[in-house]
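Read through the structure below, which is laid out as structure tokens, and then see the notes.
The values are calculated or read from the model by the stated rules, or taken from the named source; none is laboratory data. Since this is a predicted model, take the numbers as computed values, not measurements. All Cβ positions, even for glycine, are placed from backbone atoms using ideal geometry, and neighbour counts span all protein chains on display. Calculation scope for accessible area: heavy atoms of the full protein, side chains included, ligands and nucleic acids excluded. Shrake-Rupley method; radii C 1.70, N 1.55, O 1.52, S 1.80 Å.
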Amino acid sequence: TDTLGIIREANHMTATLLKMSHQYLVGKPIVNFVALPDRPAFRSYLTQICECTKVKELVVRIQKRDGELLDAAMTVGVVRNQQGKPIALRWLIRDITERKQVELALSKNDGDLTQNRLWHKYCRGESISLNLSTLWYVCQGCVKLSTLCETGEEVIVGLAGEGMVFGSSLTMLHTYQATALSEVELVSIDLAEIAASPNLSHSLLPKINQRLRQTEFFLVIAGRRRVQDRFQQLLVLLKQEIGQPVADGIRLSVRFTHEELASACCTTRVTITRLMGKLQQQGKIYFDSKHHIILKD
């Protein structure tokens, strides 16, 4: 196309993809073949292309002559003259409809993760066995992941809530424990099965990524010098991970002991008790009838 997106040349495959005779493509604006809802984003994309030095890609819906829509990945390269001025655009259009359908199916449900698998139930406080050859997937509840320091004190290094995964294969810690913080339901997934199934690997990747982001947040908490700052950051993390909206704030769906909160903040139970009392006096937190923390708006 020219720099405005008017088609100058189109090969046979493009005509076949759009179900349109080759002679009717030349001279038409390429935006005419973009589905109406996607056109504003496409026009914005088109105005920015010539300013870029790298090849860019855009995913849009293309409308064929018969009205059928397809998901397409458009890769665009800028043709420049000897003075570096843009004189044309070269487009590569790929039909990714099938790929998008697979991604949509994976994002809508985790059927591959729980289908035909034995569910394991654990009560609050129970230790969950770990195996190097398997991952646990949390169907319901919340699991505390912890290690022990040199003094024998527990240090919380992660929380695995509903839809998350954990396992000893995801850590380098010599001592690694998993404990149910509530009533928990899990399914185990063999690592060999994950390696053999691209769809399963694709489905698990964002869940492992979620754990990675959480781990980095715990590192930030541990790096704070003042205990009160560490505790405030921990409450922010818990709000994000296990918070449930209620009338006047966010309720933490899991009930924590002061000892557990202290281990996550690398401090003492007495200090946590003092800090929580201060936050209660300030009206920032309170407890419901089941002793769950509620963070005020």
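For the reader, a short list of remarks on this structure follows.
- Modelled this way, with points 7 Å down the Cα-to-C-beta line, the labels at N81 and T151 are 7.5 nm from one another.
- Neighbour count of at most 16 Cβ within 10 Å plus DSSP loop: longest GluC sites (Glu not before Pro)-free window in the chain: 184-297
- With a Förster radius of 22 Å applied to the C-beta separation of R65 and L92, the computed FRET efficiency comes to 0.60.
- Of the Cα atoms belonging to the chain, the radius of gyration and Dmax stand at 26.8, 80 Å.
- Accessible solvent surface per residue of the stretch 1-106, calculated while the other protein chains remain in place, 1.4 angstrom probe, Å²: 63 Å²
- Helix-only mean residue ellipticity at 222 nm for the chain, each DSSP H run of n ≥ 4 adding -39500 (n - 2.57), per residue, nearest 500: -10500 deg cm²/dmol
- The stretch 145-272: radius of gyration over Cα atoms, expressed as a fraction of 2.2 N^0.38 Å: 1.14
- Residue separation of Q140 and M172 scaled by 0.36 nm, minus their Cα-Cα distance, works out to 8.9 nm of gained length.
- Of L46, L170, L4, L261, the order by accessible heavy-atom surface (1.4 Å probe, DNA, RNA and ligands excluded), from most exposed downward, is L4, L170, L46, L261.
- Modelled spin-label separation between D288 and L191, with each label point placed 7 Å from Cα along the Cα-to-Cβ direction: 3.9 nm.
- Coordinate range along principal axes, alpha carbons of the stretch 204-297, Å, largest first: 41, 32, 20
- Listed values for the stretch 282-291 are Karplus-derived 3J(HN,Hα) couplings in whole Hz (6.51 cos²θ - 1.76 cosθ + 1.60, θ = phi - 60°), namely 7, x, 8, 9, 7, 10, 8, 5, 9, 6, and x replaces Gly and Pro.
- Calculated P(r) tail over 22 Å for the stretch 1-104, as whole % of Cα pairs: 29 percent
- Here the gap between A222 and K100, fully extended at 0.36 nm per residue and compared with their Cα-Cα distance, gives a gain of 39.9 nm.
- Residue (of L279, V60, I189) at the positive-pole extreme of the chain, dipole from beta-carbon charges: V60
- Taking 0.36 nm per residue of separation and subtracting the Cα-Cα distance, full extension of the segment from R43 to L200 would add 52.9 nm.
- Comparing G161, T179, T147 along the charge dipole axis of the stretch 73-222, the residue lying farthest to the positive side is G161, per the Cβ-charge model.
- Most mobile listed residue (S201, S21, S133) in the chain, GNM with C-alpha springs under 10 Å: S21
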